[in-house]
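S.K.: Pasting a structure here, questions to come.
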Amino acid sequence: MVSTAIRRPSSRRSSTTRISSFFYRSIIALIAIVAGAPIIVATLALFVDTGDIWQHLLVHVLPEALKNTAWLVAMVAILTAILGVSLAWLVSVYEFGGRRFFNWALLLPMAMPAYVMAFAYSSLFEFTGPVQTFWRDILGNPFDFPDIGARWASIATLSLVLYPYVFLIVRGAFASQGLRSLEVAQSCGLSPIRGFVRVSLPMARPFIIAGVALAVMESLADFGTVKTFNYTTFTTAIYQAWYGLFSLNAALQLSLVLIAIIFVALVLERYLRGEAMYTSSGTHAVRGRIRLSRRYAWFASGFCGAVLLVAFLVPAALIVQWSAATFTGEFDQRYWQFAANSLMLATLAATLITVVALILAYAVRRDDGRFAALQARIATLGYAIPGTVLAVGFFVPVAALSRAMNDYFGWHGGETIALQGGLLVILLAYLSRYLAVAHSPVESALSRIKPGIEEASRGLGVSGLGMLRKVHMPILSPALITAALLVFVDIMKELPITLMTRPFGWDTLAVRIFQLTTEGEWQRAALPAVAIVLVGLLPIYLLNRQNENA
Amino acid sequence: MNTKLIVVACLLFLCAACGKNEDDSESANVATPVVVYSARAEQLIKPIFDAYTAATGVPIRYVTDSEQPLIQKLKAEGATTSADLLLTVDAGNLWYAADQDVLRPTYSEILDANIPLHLRDPDNAWFAMSVRARTIVYDTRLLKADDLLGYADLADEKWRGKLCLRTSAKVYNQSLVAMLISELGERETEIIVRGWVANLATEVFSNDTKLIQAIEAGQCQVGIVNTYYFGRLQKENADIPVAIYWPSAKTGGVHVNVSGAGVTRHAKNPDGAKALLEWMSQEAAQKLLGGDNMEYPANPAITPHPMVEGWGTFEASAMNVAQAGFYQADAVKLMDRAGYR
Amino acid sequence: MLELRSVSHRYGQTDTLTKVSLKLNSGGIGCVLGPSGCGKTTLLRCVAGFESLSEGEVSVGGRTMASRHIHVPAEARHIGMVFQDYALLPHLTCLENVLFGLHKLPREIAMSTAEDVLEKVELSAYRSRYPHELSGGQQQRVAIARALAPKPALLLMDEPFSNIDASMRSELGGQLKELLSALGTTALVATHDHQDAFALADSVGVMREGYVVQWDTAYNIYHRPVDRFVAGFVGRGVWLPGRMLSETEVEIEIGVATGIVTSEFSIDTEVDLFLRPDDVVHDDASSLQAKVLKRRFSGSEFLYELELPSGARLLSSVPSHHNHAIGESIGIKLETDHMVLFAREPTNGPSG
């Protein structure tokens, strides 16, 4: 093996390099076109005149929407970072009561759709809700019940639902850092706390950024939560332009502004990172955990427990209670079908998207051109676009392709082939939205594989996809599991794309929630919500156990 | 080898679902299904479709989504669409669907007879199937019907701190304001909306149910809601201390909105769609449409749900509901200007 | 300077260190030598403060750092540590890595100190490189510079040469020794390679399964090992059975070996003699012939594995101009200045 690799004539080597570079570039371009389709559509919308809508929005809507969005994004970024990093730090570095339980249980809020949590909490705390009623009727209204307002309600809800993204990704980083970085700090005279701040935290930076970026993009695209609390954001402005002012083009243009801001922020972060690497130069990560003294162990368990209580147990208890109250009227045989559909779509899409994310990240790594990296960035921006806008943005070109095919082959009248009715289209639409979710962990993990490993393998005659399978896959598998898990639970909750592109008969649990909530039947919607949480809970538990054993 | 087999199997599976809209013409005894895109929630339409299939043997396939995505979907699909009928809520959306040319005119004596003129498109692109009154509700513990005058009156200073409204993002309020514009003009409407905003007791609500509950809990005294939301709460609690007020014809009458349907421009089965539309305008369907959701039948010959009848009769605004769509964008901008969130 | 008194450490149910005692004078360099898993890394970690003792006491400069009741946290011990994998912080440049240990000093002083230390390890030109842009040897020097910069009372180094090419080791070892003595730093180094240990250390401790078997000068470890394990660990050789002829003479199969002995044995005692390659020299004139079985060329000399007519085997290092083919018979003679002798153990046959 070794000798053939060495003896291979140089001319042949350069031609294979050229072919493989063309191969990787084609892959990147294909993925970018499919996943970036909505962005291309939005860019085309720039050339459409939308009359005085912009003028109106600029004067009456956007100033407040932008300010609110800035608040929302900044605070969600800070809170998810604080919660996600501190919890990840606790469970990966210290040993305390319930650590193994919290290690997976703290991921549970991810299974709960944000709009469900928003509604659960607003029902609990609104003027007519049980808490305030108790306050007035039983306690006699000692003082006016504090009202945190739409802004902080939205921020709190989204932070509680989204911190698991940061937790999951950063936990992996801390686990691979081991205690070694802390020991370095200690040997340099820093206490563990200061060592955390000066060493572990900066070393986890790409992972924190990756997790927070997902949380930020998700909260930018969020409509359900802010709608529940009546908080005007950039996304509500987008929907207003479309639903209220009947201008899809203005909505697309606004979405493009949103994407541009995210794009600039991500590029800026990459630039600020410079040449620094975040791979530990050592391979001897120190295993084991620091055992906390009793007092601090109580504090750690208490903190994890409090987060779990607020972010999951309370809203979960509420929807369980509602679904028990509405079970007889709401449950029927079709629920098995809904659950099966949800499970099927989420599994297929999680598999597809994770594989594509891996291929994309790997191709970009092999092709170190700037253009490739740029295309990968564009392909993963869809996550920041409000779901319904993205759904239309994906649907329009697919339908146009379908029309063109029918015109070309002369199918008319009764006989038409509609691409958009297929399962492939809904999966690709998911891809255009969730590629970022899978790409983030895979890319960060891939960046931790040192080029030396690849060179060594190439020396042994392993190259191309063989390298991916033999060298990268084993190292990447925890990241791939993370990616698949994130996509899975996201798609369990997904609505707009499922609504628009699902084939006939493919109603899911989330679609059922939509049917009920559009008519304001929130209590009945609790049953499908509980089902979503239950179905999403299983993979969280199983995959986490696998991670733990690995 | 194995991997290849799996890949092929997956591809076959994915493409199996690629919709091929065949006419089941070879089997003449099975009727051609009607394909419906519906923005009305499944639980509200499924009983009607089931009844239709039971009565005629014609199967119905349907997909649900929000109004705008469905209209955009029809636009994008063009001739390749499989939809025969678009069923949607709110006159504004119906108007927009007609405006975007995704509906075709339907001429039917049955529909002409059953659906009043002001409840259908001037060009017969769509027909209302149910009527929803958006009117005033009040706290019966503190107010009497005589204290109220109409929508414009709620802008009066005497309601300062007593009014509850739902968010302006909801199309029902956009239609209401659009109808006010069409009736009174933009200037006067803006004064009214500003008055409402000044009178708000609290932040706007995200849905009508919460608004009614807020009146019940004493957070405010009056509000504007669709009657069927009130109906649902009254069903649960017959003694709810909230009642409906019908603005009289002198103040412009009651604002009504509709849910309606139209045959799509590229319907493959327009006759089937028309037959379904006609059936929906008749008694059995109208009872279901009104009864199940406490709405009013669009067909004036049909009596509504007994509880709905108990709320009394009202004089609806005589304007064609399509005006709501025409003025909707103006209404949205006006509410933005007036600070109505 | 550094003193360990009867230090024990347990990990779960396993004893990783048992009653380890050793002493290192100020400015001295000590080495703990042993196969992997012998506990040498744990020993360093106990001194550094990353592990707590189950028994015994560690004191540095007269101050008790750890005992059963005392545990000064690692960050308060003022002990520098060079980790086996160097553990450079990947997101910091060379200079920033060195500055990292100087966080207590005012910025300017820290800066000039760091520059100084980098100069001493000849890395000034690489100050703004990131660790991944450096070679293994350069990374090691950054790690040493980082550990030395705060002028620690004691420097600990875990396998400092494990990632370095064999050709570079002796050179780096020499440089390191010079640097440490120039700074007067006391250092404790863990290694599995006796040559590294001998090149660097004043005192060497050989460890086995959590025990320090012998703590002594390098010379004594080599020439006066306390047991067969130590003898075998610090250099290759073969055991040959023999009998004491006098206090300084042992009769073995191929003749009589003379030299200073490790321990006194009475005449006629049955012993095992440890013959190292340099104890057997090539002599064409010798009547004692042995057949070449294997040979290894290392530039300046050959290491021959020889077979005696009796079937016993010997190792011999021979200057490289004596080039003999495998299967050839060559003349050899004994040249034993120091003899490593142990009494014959009836159950254990001779082993090498």
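Computed from the coordinates by the stated procedures, all read-outs in this text should not be read as laboratory data. Keep in mind that this is a model prediction, so the values were computed, not measured. Counting neighbours? That spans all protein chains shown, and the Cβs are built from the backbone with ideal geometry, glycine included.
S.K.: Calculate for the protein assembly as shown the 222 nm mean residue ellipticity that helices alone would give, adding -39,500 (n - 2.57) per DSSP H run of length 4 or more and normalising by residue count, nearest 500 deg cm²/dmol.
M.R.: Value at 222 nm, helices only: -16000 deg cm²/dmol.
S.K.: What's the local net charge at A:Arg433, with K and R +1, D and E -1, over the other residues with C-beta under 11 Å away? Working shown, then result.
M.R.: On the way: positive: none; negative: A:Glu218, A:Asp490, A:Glu494.
After counting each charged neighbour, the total is -3.
S.K.: Across peptide A:238-244, what mean number of C-beta atoms from other chains lies inside 10 Å of a residue's C-beta? Write out the running numbers ahead of the final one.
M.R.: Numbers: counts 0, 3, 7, 2, 3, 14, 14.
Mean shielding by partner chains, rounded to a whole number: 6.
S.K.: Further question: Under 30 Å Cα-Cα from B:Lys75, which lysines qualify once same-chain neighbours fewer than 8 residues away are excluded?
M.R.: The reachable lysines, counting only those whose Cα sits under 30 Å from B:Lys75, are A:Lys227, A:Lys493, B:Lys20, B:Lys46, B:Lys170, B:Lys268, B:Lys274, B:Lys333.
S.K.: Next question. Residues with amide H under 5 Å of C:Met157's amide H, sequence separation 5 or more or different chain, H placed in the peptide plane at 1.01 Å from N; which?
M.R.: For C:Met157, the qualifying residues are C:Val82, C:Leu188, C:Val189, C:Ala190.
S.K.: If you don't mind, there's one more thing I want to ask. Read phi for every residue in the stretch C:206-215 and hand back ³J(HN,Hα) as whole Hz from Karplus 6.51 cos²θ - 1.76 cosθ + 1.60, θ = phi - 60°, with x for Gly and Pro.
M.R.: Going residue by residue, I get 9, 10, 8, 6, x, 9, 8, 6, 8, 10 Hz, with x marking Gly and Pro.
S.K.: Given points 7 Å out from each Cα along the Cα-Cβ axis, report the A:Phe47 to A:Ala340 separation in nanometres with one decimal.
M.R.: About 4.7 nm, to one decimal.
S.K.: So if each residue of separation counts as 0.36 nm, and I subtract the Cα-Cα distance between A:Arg136 and A:Leu309, what length gain in nm does that give?
M.R.: That works out to 59.8 nm of additional length.
S.K.: Follow-up. Could you pull out which residues in the stretch B:176-214 have an amide N less than 16 Å from a spot 7 Å beyond the Cα of B:Leu149, following the Cα-Cβ vector?
M.R.: B:188-189, B:191-196, B:199, by backbone N distance to the label point.
S.K.: Taking the Cα centre of the stretch C:2-231 as origin, work out the dipole magnitude from +1 charges on Lys and Arg Cβ and -1 charges on Asp and Glu Cβ, in debye rounded to 20.
M.R.: Value, rounded to 20: 520 debye.
S.K.: Here's another thing I want to ask about it. Shape verdict for the stretch B:232-289, please, from the Cα gyration tensor: rounded (a/c under 1.5), prolate (a/b greater than b/c) or oblate.
M.R.: The shape class here is prolate.
S.K.: Counting other beta carbons within 10 Å of each residue's own, what order do A:Lys470, C:Lys19, B:Lys250 fall into, fewest first?
M.R.: B:Lys250, A:Lys470, C:Lys19
S.K.: For the stretch B:149-282, what are the per-bin percents of Cα-Cα distances with bins 5 Å wide, up to the bin holding the maximum?
M.R.: For the stretch B:149-282, the pair-distance distribution reads 2, 9, 16, 19, 17, 12, 8, 7, 6, 3, 1, 0.
S.K.: For C:Ile70 and C:Ser170, what is the calculated FRET efficiency with R₀ set at 30 Å and r taken between the beta-carbons, to the nearest 0.05?
M.R.: 0.15
S.K.: Further question on the same structure: In peptide A:116-129, how many Cβ atoms from other protein chains are near each Cβ within 10 Å, on average? If you can, show how the numbers build up before the last one.
M.R.: On the way: counts 0, 0, 1, 2, 0, 0, 2, 2, 0, 0, 8, 10, 11, 3.
Mean number of neighbouring Cβ atoms from other chains: 3.
S.K.: In whole Å, what is the distance between the alpha-carbon centres of the stretch C:12-49 and the stretch A:284-341?
M.R.: 46 Å
S.K.: Suppose we keep just the DSSP beta bridges with both residues in the protein assembly as shown; what percent of those would be antiparallel, to 5?
M.R.: Here the antiparallel bridges make up roughly 70 percent for the protein assembly as shown.
S.K.: If you take all C-alpha pairs in the protein assembly as shown, what percent of them are over 57 Å apart?
M.R.: 36 percent
S.K.: Can I ask one more? Express in whole angstrom the spacing between the alpha-carbon centres of the stretch A:47-98 and the stretch C:293-336.
M.R.: 77 Å
S.K.: Using a 10 Å cut-off around each Cβ, can you sort C:Trp239, A:Trp336, A:Trp71 from fewest to most neighbouring Cβ atoms?
M.R.: Ascending Cβ contact count within 10 Å gives the list A:Trp336, A:Trp71, C:Trp239.
S.K.: Sticking with this structure for a sec: For chain B, find the longest principal axis of its Cα atoms and tell me its angle to the long axis of helix B:171-184, 0 to 90°, nearest 10.
M.R.: The helix B:171-184 is inclined about 60 degrees to chain B.
S.K.: Compute the helix-to-body angle for C:166-183: its Cα long axis versus the longest principal axis of chain C, expressed 0 to 90° and rounded to tens.
M.R.: For C:166-183 against chain C, the angle is about 60 degrees.
S.K.: Which order results if B:Trp95, B:Trp196 are arranged by neighbouring Cβ count within 10 Å, fewest first?
M.R.: Ranking B:Trp95, B:Trp196 by Cβ neighbours within 10 Å, fewest first, gives B:Trp196, B:Trp95.
S.K.: Quick check: convex hull of the Cα atoms in chain A, volume per residue, rounded to a whole Å³?
M.R.: With only Cα atoms used, chain A gives 200 Å³ per residue.
S.K.: Near B:Lys144, which lysines are there with a Cα under 23 Å away, not counting those fewer than 8 places off in the same chain?
M.R.: B:Lys158, B:Lys162, B:Lys210, B:Lys235, B:Lys250
S.K.: Give me the number: length gained by fully extending B:Glu309 to B:Ala79, i.e. 0.36 nm times residue separation minus the C-alpha to C-alpha distance, one decimal in nm. Mind dumping the intermediate values first?
M.R.: On the way: separation 230, 0.36 × 230 = 82.80 nm, distance 4.38 nm.
Full-extension gain reported as 78.4 nm.
S.K.: Still on this structure, please answer the following. Where in chain A are the DSSP H helices whose C-alpha atoms run 27 Å or more along the long axis and whose mean Kyte hydropathy is at least -1.0? Walk me through the intermediate numbers first.
M.R.: Values: long enough: A:10-35 (37 Å, 0.58); A:62-93 (44 Å, 1.61); A:149-177 (41 Å, 1.03); A:248-273 (38 Å, 1.73); A:334-366 (47 Å, 1.11); A:387-409 (33 Å, 1.10); A:423-447 (33 Å, 1.29); A:473-493 (30 Å, 1.76); A:522-549 (40 Å, 0.56).
Result, helices passing both filters: A:10-35, A:62-93, A:149-177, A:248-273, A:334-366, A:387-409, A:423-447, A:473-493, A:522-549.
S.K.: Percentage of Cα-Cα pair distances in the stretch C:236-343 greater than 17 Å, rounded to whole percent? Working shown, then result.
M.R.: Values: 2878 of 5778 pairs.
Tail of P(r) above 17 Å: 50 percent of Cα pairs.
S.K.: Something else now. Expressed as a whole percent, how much of the Cα-Cα distance distribution for the stretch B:255-341 exceeds 20 Å?
M.R.: For the stretch B:255-341, the share of Cα pairs beyond 20 Å comes to 54 percent.
S.K.: In addition: Based on alpha-carbon centroids, what's the gap between the stretch C:94-155 and the stretch B:269-341 in Å, whole number please?
M.R.: About 79 Å separates the Cα centre of the stretch C:94-155 from the one of the stretch B:269-341.
S.K.: So which lysines pass the test for C:Lys23, namely a Cα distance under 20 Å, with those fewer than 8 places away in the same chain ruled out?
M.R.: The qualifying lysines are C:Lys40, C:Lys177.
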